[in-house]
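**Student:** Have a look at this one before I ask anything.
Laboratory data are not the source of any read-out in this text; all were calculated from the coordinates shown. Keep in mind it's a predicted model, so treat the numbers as computed, not measured. We place every Cβ from the backbone using ideal geometry, glycine too, and count neighbours over all the protein chains shown.
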2 protein chains.
Amino acid sequence: MLDPKQLEALSAVVDSGGFDKAARKLFLTQSAISQRIRQLEEHLGQPVLTRTSPPAPTTAGRLLLQHFRQLSLMEGELLNTLLPDGEQSDFTTLAVGVNADSLATWFLPAVQELMQRRRLLFDVMMDDQDYTHELMRSGHVAGCIGTRDTPIQGGECHFLGCMRYLCLATPDFAARYFADGFTHAALAQAPAIIFSGKDDLHSQFLRQVAGYDGSTPHITLPTPQGFVQATRLGLAYSLLPELMIDDDLESGRLLDLLPGQYVDLPLYWHHWRVESSLAGDLSTALLGWARQVLRQQLPER
Amino acid sequence: MLDPKQLEALSAVVDSGGFDKAARKLFLTQSAISQRIRQLEEHLGQPVLTRTSPPAPTTAGRLLLQHFRQLSLMEGELLNTLLPDGEQSDFTTLAVGVNADSLATWFLPAVQELMQRRRLLFDVMMDDQDYTHELMRSGHVAGCIGTRDTPIQGGECHFLGCMRYLCLATPDFAARYFADGFTHAALAQAPAIIFSGKDDLHSQFLRQVAGYDGSTPHITLPTPQGFVQATRLGLAYSLLPELMIDDDLESGRLLDLLPGQYVDLPLYWHHWRVESSLAGDLSTALLGWARQVLRQQLPER
């Protein structure tokens, strides 16, 4: 059997980003952490971590992390079941990958009741919606919300619904850049907002609605709330989730640049195929809530 | 002289996270990108990128990126000066590292006027406040907002002010976990929120106000808005920037668990020591705005 203390050390080093921080997290000395990692590597006959700063798991390390997280989850549930009812049991922590726009809107309300009922905590990792499944494949998380529509190996996936994005700007911005419409000349001049270098929602949208394939000046902002704030300040136009705009359209603070045109982005919930009642409850909570807040029709191709 | 086309290819590969994406970004073929990187490496006699996925800059690569970003900035300004007034000049894009709580609150309003006046765009990278200067040192950004109080080599640093954090929870949460006060027993049971494995603001606070050095159950949430939302939902207590709580205290939605106790986190603006009027204007804008919204007294040690 693998020694769970060694796996715990590996997990702490990867999560905290260093041997010294892992030591502090586990209340051990740094040399105790190094020793556990070394023993694990000797046992397996291969490295589990790159000695970079921060250390990164090797392929073997990633598989071990995935295994350790499933193990922790199962053990947490077992203890919750075994402990007498009156006794305050420990919290269970589940690592999940959530796309930024879901985290900014519906994720926390969706899991609120379950977290309180099952004494559940989350270690939320955030990424672009097309990349959250990489967090799962790399063993960092037990489940993820993203755009991938097929299960990853060893996992299951469920359709949650579509998040709808509208193309918005302030009236001043629209008058300044789009007075002649959504033309190629305007798109080459008007600052847009993108989430990161990995984000191609905006360029896909321009290709789709305007056949525009050129470059566009842009602000890079790694938070959905930054998109909303920068758009409201008139610094750029952007695709904003309809769930994030309050009364901006009614109040006239923002204009829909292309009424009737939008992006419906299908989101999926991925989790490992593991028999765990907590994982099952989480799927139920997410799917139930998503049915209320996300659009349930898949967009036409 | 270094070939700027090669540097541009390096920058695109690092920013977009791959040779294929860099090719798309620069409207080149992937083999053209590979060739430019290879020529750069042959010219320097050493690798500039690790062939990992995503590729990361080597030490030499980082220095080149830093150089390239300063070069781009200076060239952008030069062109803005040289082009006739009537001609619509290109935007200048500046990469900056901003701590999450500043980005969530005062950063965008502080730069709004400057962005419009100087046709400036930002490539914002976000990190924990203790780590933004690493983005600068690694050559990813031209400036950063963080907690480091001494200039990094080749840079300057200016005190912006302190962000004040209050320790808040819903009345229900306070009654459930802190009915007997801010005791060690309560702290071992009550779920807190931390930003990431690198974030130790919360544990520092517990050490300082309660002499508590043990572990604490926690939700990991990588967005300041997630902190606010989870705290309002009663899922945890947390340290929230006073700039992010609306009327929560007045309305009784949230309670201050330790009235009169708080964390004042000093923030600094770091930038390269480079003669550029745009960089100077940015410093002026940030320092001027920060004087209005951040607390100007340094906390006692």
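**Student:** Which single residue of chain A puts its beta carbon nearest to the axis of rotation relating A to B, and what distance, in whole Å, does that give?
**Tutor:** Spelled out, residue of A and its Cβ distance from the axis onto B: A:Gln225, 3.
**Student:** Calculate, for A:Ser251 and A:Arg24, the FRET efficiency according to 1/(1 + (r/R0)^6) with r their C-beta to C-beta distance and R0 45 Å; round to the nearest 0.05.
**Tutor:** The formula returns an efficiency of 0.40 here.
**Student:** Same structure, new question: Give me the distance in nm between label points sitting 7 Å out from Cα along the Cα-to-Cβ direction at A:Ala179 and B:Glu42, one decimal.
**Tutor:** 5.2
**Student:** If you don't mind, there's one more thing I want to ask. Given label points at 7 Å from Cα along Cα→Cβ, what nm distances, shortest first, separate A:Leu243 from the same residue in every other copy?
**Tutor:** Output for A:Leu243: 2.7 nm, nearest copy listed first.
**Student:** Return the average number of partner chain Cβ atoms within 10 angstrom of each residue Cβ along peptide A:212-221.
**Tutor:** 4
**Student:** How do the peptides A:201-209, A:173-181 rank, highest first, by the average count of neighbouring beta carbon atoms within 10 Å per residue?
**Tutor:** A:201-209, A:173-181
**Student:** Next question. Which number gives the lysine pairs in the protein assembly as shown that have C-alpha atoms under 22 Å apart and are eight or more places apart or on different chains?
**Tutor:** 10
**Student:** Between the alpha-carbon centers of region B:215-257 and region A:44-75, tell me the distance in whole angstrom.
**Tutor:** Comparing the Cα centres of region B:215-257 and region A:44-75, I get a distance of 33 Å.
**Student:** If you don't mind, there's one more thing I want to ask. Ordered shortest first, which distances in nm separate the 7 Å Cα→C-beta label point of B:Ala210 from those of the other copies?
**Tutor:** Relative to the other copies, B:Ala210 has label-point distances of 5.3 nm.
**Student:** What distance in nm separates the simple spin-label points at A:Leu71 and B:Val209, each placed 7 Å from Cα in the Cβ direction?
**Tutor:** With each label placed 7 Å out from Cα toward Cβ, I get 3.8 nm.
**Student:** What order do you get for A:240-252, B:141-153 when each peptide is scored by the mean count of other beta carbon atoms within 10 Å, highest first?
**Tutor:** Per-residue mean Cβ counts within 10 Å order the peptides as B:141-153, A:240-252.
**Student:** Also, quick follow-up: Would you compute, from DSSP H runs of 4+ residues alone, the mean residue ellipticity of chain B at 222 nm, taking -39500 (n - 2.57) per run and dividing by the full residue count, rounded to the nearest 500?
**Tutor:** About -13500 deg cm²/dmol.
**Student:** Using label points projected 7 Å from each Cα along Cα→Cβ, tell me how many nm separate A:Gln292 and B:Thr58, to one decimal.
**Tutor:** 5.6
**Student:** Counting only other chains, what is the mean number of Cβ atoms within 10 angstrom of the Cβ of each residue in peptide B:116-129?
**Tutor:** Mean shielding count: 4.
**Student:** What number, in percent, do you get for the relative contact order of region A:163-264 if the mean sequence gap of Cα pairs under 8 Å and at least 6 apart is divided by its residue count?
**Tutor:** Averaging sequence separation for qualifying contacts and normalising by length gives 49 percent for region A:163-264.
**Student:** Any idea what the A:Gln296 label distances to the other copies are, label 7 Å down the Cα→Cβ vector, nm, shortest first?
**Tutor:** Those label-point separations list as 5.8 nm.
**Student:** Let me ask something additional. With both bridge residues required to lie in the protein assembly as shown, what share of the DSSP beta bridges run antiparallel, to the nearest 5%?
**Tutor:** Antiparallel: roughly 60 percent of the beta bridges in the protein assembly as shown.
**Student:** Of all DSSP beta bridges in chain B, what percent run antiparallel (nearest 5)?
**Tutor:** So the antiparallel bridges in chain B amount to around 60 percent.
**Student:** Run through region B:211-275 and list the trypsin sites (Lys or Arg not before Pro) located in a DSSP loop whose Cβ has at most 11 other Cβ atoms within 10 Å.
**Tutor:** Passing sites in region B:211-275 are B:Arg273.
**Student:** While we're looking at this one, here's another question. Apply 1/(1 + (r/R0)^6) to the Cβ-Cβ distance of A:Ser277 and B:Asp90, taking R0 = 60 Å, and write down the FRET efficiency to the nearest 0.05.
**Tutor:** With a Förster radius of 60 Å, E is 0.55.
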